[in-house]
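Remarks on the structure that follows.
The values are calculated or read from the model by the stated rules, or taken from the named source; none is laboratory data. Since the model is a prediction, treat every value here as computed from it, not as a measurement. Virtual Cβ from ideal backbone geometry, glycine too; neighbours counted across all protein chains shown. Protein only, heavy atoms only, side chains kept; ligands, DNA and RNA dropped before computing areas. Shrake-Rupley method; radii C 1.70, N 1.55, O 1.52, S 1.80 Å.
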Amino acid sequence: DLLDPERLIQCPFVKQHQIRACRFPYHLVKCKESNPEIAKKLATCPFNARHLVPRGDLSDHIMKCNDQALMEQDVVSGSCEPPAEQVKDGSTWQAPPCDEDWE
């Protein structure tokens, strides 16, 4: 199951590393720092920073990446834009009431 936070994912830097999905982003940062020579040979997918592929394979990965469809879907649906009522009336955000007394 792709949504299971306990599923194991293979590290792109050290193939023997099997990392739980919920810890994978943190592991990538640490393992990249520990393996700078391997990191130089890998490129990051523009659709998902968890996808690290050999530099020469990046364009092929981009064409096949499943996350590309999700990105395109967001752009088409306009989900990156604020709701129309916020654009018309300005921000609807209000600061929460403050119960602190500093005096």
Yes or no: residue 88 at pLDDT below 65, open to solvent by 100 Å² or more (accessible area, probe 1.4 Å) and not hydrophobic (A, V, I, L, M, F, W, C)? yes
Determine the pairs where a residue that is under 22 Å from residue 43 (Cα atoms), located within the range 1-27, has a partner that is assigned to a helix (DSSP H, G or I) and among the β-branched types (Val, Ile, Thr) with Cβ atoms under 7 Å apart, the partner being 6 or more residues away or on another chain. 13/38
Subset of the range 1-13 (residues that are farther than 16 Å from residue 35 by Cα and not in a strand (DSSP E or B)): 1, 2, 3, 4, 5, 6, 7
